[in-house]
Structures are given as C-alpha cells and as structure tokens.
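S.K.: This is the structure I want to talk about, given as structure tokens.
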Ligand SMILES: [Fe+2]
C-alpha cells in the first residue's frame, strides 16, 4: 500500500527518545514485510513491548491446518457455503475449505464476537476478508476497520485484531496468502498511485479509525496462527492496543467492493480488467483477485456477452458468488456458491448461455462476485469443504443437465 499514514503521537525523528504519555518512556516496534525491505509501519507502544508475556505460551483453541479431502479424479468443484451452519465466534467458526502451498480459503459464519480480552494474530499469512453478511468492526492495534456486506478488509500478516460484530451473525469469505496482498500493480503508476484509468482509486480505501491507546493492565490473550495453521495462545499482562501512535505503509484497511469502478468494453473483456487485488509477483506466483460488480455488457451489435470457454492452464480459479445474477451459470449457482476450477480443465458457460446472452448487449447487469486466480499454484478442497460440494457439478455443462429457457436479459455474463 503506497498510502503512508501517520496517526496519534509520534517522535519527530524515528528511533529517538519519546514520551507518548507524560513522563512514560515509550517503546518502538517495527511491523514489516519482506525482510526490512518491504512496506512497514512504526508503532510506538505507550510503555510495554508486545513481547511481554506473563505466562508460558500454550496450545491455542483452534487448529486451522487444512485437512485434505480424499484424493479425487480431476474435477471442478461447486461448494454450497450457504449450507455451512452458523455458530461460534469469528475464529472458532473459521473453516478452511480450499488450500494450496501458498493460499488458504476459508468460510466463517460466526454468531458472536470474540470473547472479551481475546485477540487474534495471523503470524502465518496475510488475509483478505470479503463480507457476505453482517456488520461491525475489525478492532485492531492500528484502529477500527468498519465492515458491512460487500466490504473487503485487508489485514497484513502479524496484525493483532479482534472482530466485533454488531449484527447477530456474519458470513465471511476469507482468503489467506503467504505473500502480501495489495492493490493490483498493473493499475498503479511508478509512484504507487492508482492510474487514472484504474478501476480502483486508492484514496477510497478506508484506513483504520485511530483510537487513544488502551494503557491497561490485566489478562489479555492473543491467539497466534503459525506453522501450517495451528494456533498458540499468548498471555499478556497489558492490553495489546496500546499505541500512542503509528506511521507507515503497512496497516489493515477496508475497501467497499462497490468502489471498484468496473471497466466495460464494446466486446467482452477478460478478468484482468476487473482486478482489485494481487498477492505475490504475478504472473510468477501468488494470485489475482477480481471484483465482478454491476456494469454494462459489451455493446457491439454482434457482441456475445457470455464469456468464451477458457483453459487458463497456469491458474486454478476460485469464485465466490455473492449473488446469483450470472447468466453464464444460470440454474447452477446460488448466493454463496464457491467454485474451484482447476487449471488442468477448461470451463465455460453452461448450456445455451452464449446464445441467450445476446439479449443483454449494452445492458446493465446486477452481478456481484469475487474471483481468485492463482499463478502456478494448484489448489485442493479440504475434507470440511467437500462435505458441502455438489457431487454432480462436473456434469452440469452437459446439455441434458441445463435449461435453454429464458432470454437472459437481466443476467450478467462477463467472467
Ligand atoms: Fe472462469
């Protein structure tokens, strides 16, 4: 993130004597990525280092290590995440459903906030939340990050936070990467600013709302995810949100998917036009994340809004359908559908979608979906995720399995 922010009280010159509170010598911490060479933030703790544990670390309450499903023949997957029950808090309800060597995708459907004085820190991976349902705040050491349906929240690896839901329940689609997650670099200029033709505007990110430091003593627990996905519980004797101030380029933020300003073309356009985020160094590793928001279909007099069959051999494609306004997948997907199309297989619109899609030329669609395409990484479904998969999905492209009815004018096609 190129936007460098400064919040709270800070020393005029870094790493010099500073009193964030009258008469209290403050302690400095650097939260950084890529070995002192990537983005970082400087944090000024009021009086204690974050290393001050007051009890030995112990096994955490959760093991988030993806558990593989039995090996299957090569097949596409369609997971009905609407069938996953609500329950627990945002951490205990977190269920890894798809994974690879560098990426984990989870669904969480909590019914309550974190327990009091309990916090989470992902020390293994960077996180990107998409909110399907629910509202509240990610309360973080950097400040509060609001969320509501349709919001993304980007959380750098190592951020200490908790999720406070103001709604009775929530539904999160969570992407994790070992690589940092930022705005799509091909839409940024050399200064790191979003280009004028980009679908995103970096000034529309919602930075954390800074709050005064909590200079409190007591018992505070931080559950840290690490290793392959296990958690360890740390016990601190002080509140972890104790920053007098911070400055830098590494911090959590929110981004409303409706602020992804879709780019249309006279004829069908490929997913990189819809890209919001990227992890890693495309096209060599990591993944891209695209936001399929409402926009006008191609308006060429002979345009076919439905996409082509595509065989993107270096990418596994994951798509979360926030709604089901997708003509190309009509009758197959529902809100909360999560598909995995391995790069080893082509995929395409179903049935007569290409023919029907002509009726939507030049018309606005009402789609909402998030897509992730890996680069040179194969993904697999976990045992937990496989329980919610449509076992006949591979046959859904067969003409006998699909309907040719409807004119498709109200549906979106561009994937
Ligand atoms: Fe696709």
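Please treat every number below as a calculation from the coordinates, not as lab data. From a predicted model like this one, the values you see are computed outputs, not experimental measurements. Cβ coordinates were reconstructed from backbone atoms using ideal geometry, including for glycine residues, and neighbour counts include every protein chain displayed.
S.K.: So, in nm, how far is label residue 235 from label residue 75 when the simple model puts each one 7 Å beyond its Cα toward the Cβ?
M.R.: Going by the 7 Å Cα→Cβ label model, 4.7 nm.
S.K.: Take the range 140-286, drop everything but the C-alpha atoms, weight them equally and run the Debye formula without solvent; then report log10 I(q)/I(0) at 0.20 Å⁻¹ to two decimals.
M.R.: Evaluating at q = 0.20 Å⁻¹ gives log10 I(q)/I(0) of -1.44.
S.K.: When a footprinting reagent is the concern and you count Cβ atoms within 10 Å, what order do 79, 125 take, fewest first?
M.R.: The most exposed by this proxy come first: 125, 79.
S.K.: Hey, what number do you get for the chain at 222 nm if only DSSP H runs of n ≥ 4 count, each worth -39500 (n - 2.57), divided across all residues, to the nearest 500?
M.R.: Helices in the chain give a 222 nm mean residue ellipticity of -500 deg cm²/dmol.
S.K.: What would the Debye formula give as log10 I(q)/I(0) at q = 0.20, 0.21 Å⁻¹ for the alpha-carbon point model of the range 290-371, no solvent?
M.R.: -0.98, -1.07
S.K.: Relative contact order of the chain, please, whole-number percent, based on alpha carbon pairs below 8 angstrom and at least 6 residues apart.
M.R.: Once divided by the residue count of the chain, the mean separation gives 20 percent.
S.K.: What number, in percent, do you get for the relative contact order of the range 263-401 if the mean sequence gap of Cα pairs under 8 Å and at least 6 apart is divided by its residue count?
M.R.: Reported as a whole number, the value is 31 percent.
S.K.: Take every Cα-Cα pair in the range 205-247 and report what % of them are more than 17 Å apart.
M.R.: Of all Cα-Cα distances in the range 205-247, 51 percent exceed 17 Å.
S.K.: With bins 5 Å wide starting at 0, give me the P(r) of the range 1-129 over every alpha carbon pair, in whole percents.
M.R.: 2, 7, 12, 14, 14, 15, 13, 10, 7, 3, 2, 1, 0, 0
S.K.: Let me ask you something else. Could you list 223, 215, 316 so that the one with the fewest beta carbons within 10 Å of its beta carbon is first and the one with the most is last?
M.R.: With the fewest neighbours first, 223, 215, 316 line up as 215, 223, 316.
S.K.: Give me D for the range 86-209 in µm² s⁻¹, whole number, from Stokes-Einstein with Rh from the Kirkwood sum over alpha-carbon pairs, 37 °C and 0.692 mPa s.
M.R.: After rounding, the answer is 216 µm²/s.
S.K.: So if R0 is 60 Å, what FRET efficiency would residue 363 and residue 164 give, r being the distance between their Cβ atoms, rounded to the nearest 0.05?
M.R.: 0.90
S.K.: Please report, in cubic angstrom per residue, the volume enclosed by the convex hull of the alpha-carbon atoms of the range 263-401.
M.R.: Taking the convex hull of the Cα positions in the range 263-401, it is 110 Å³ per residue.
S.K.: Looking at the chain, send over the antiparallel percent of its DSSP beta bridges, to the nearest 5.
M.R.: Taking every DSSP beta bridge within the chain, about 95 percent pair in antiparallel fashion.
S.K.: On to the next question. Over all directions, average the projected area of the Cα convex hull of the range 307-355 and note it in nm².
M.R.: That works out to 3.3 nm², a quarter of the Cα hull's surface.
S.K.: Which of the peptides 63-73, 136-146 is most tightly packed, and how do the rest follow, going by the mean number of other Cβ atoms within 10 Å of each residue?
M.R.: Top of the packing list down: 136-146, 63-73.
S.K.: Please state, as a whole number in µm²/s, the translational diffusion coefficient that the Stokes-Einstein equation yields for the chain at 25 °C and 0.890 mPa s, with Rh defined as the Kirkwood radius across alpha carbon pairs.
M.R.: It diffuses with D of about 110 µm²/s by this estimate.
S.K.: Right, another one. Order of 127, 133 from fewest to most other C-beta atoms within 10 Å?
M.R.: Placing the least packed residue first, the sequence is 133, 127.
S.K.: Another question, then. Where the centre of each part is set by its Cα atoms, how far does the range 284-345 sit from the range 92-156, in angstrom?
M.R.: Between the Cα centres of the range 284-345 and the range 92-156 lies a distance of 24 Å.
S.K.: Once you keep just the Cα pairs under 8 angstrom separated by 6 or more residues, what percentage relative contact order results for the range 70-152?
M.R.: Relative CO of the range 70-152 lands at 20 percent.
S.K.: If you take the Cα Rg of the range 269-308 and divide it by 2.2 N^0.38 Å, with N the number of residues, what do you get?
M.R.: The reported ratio for this selection is 1.47.
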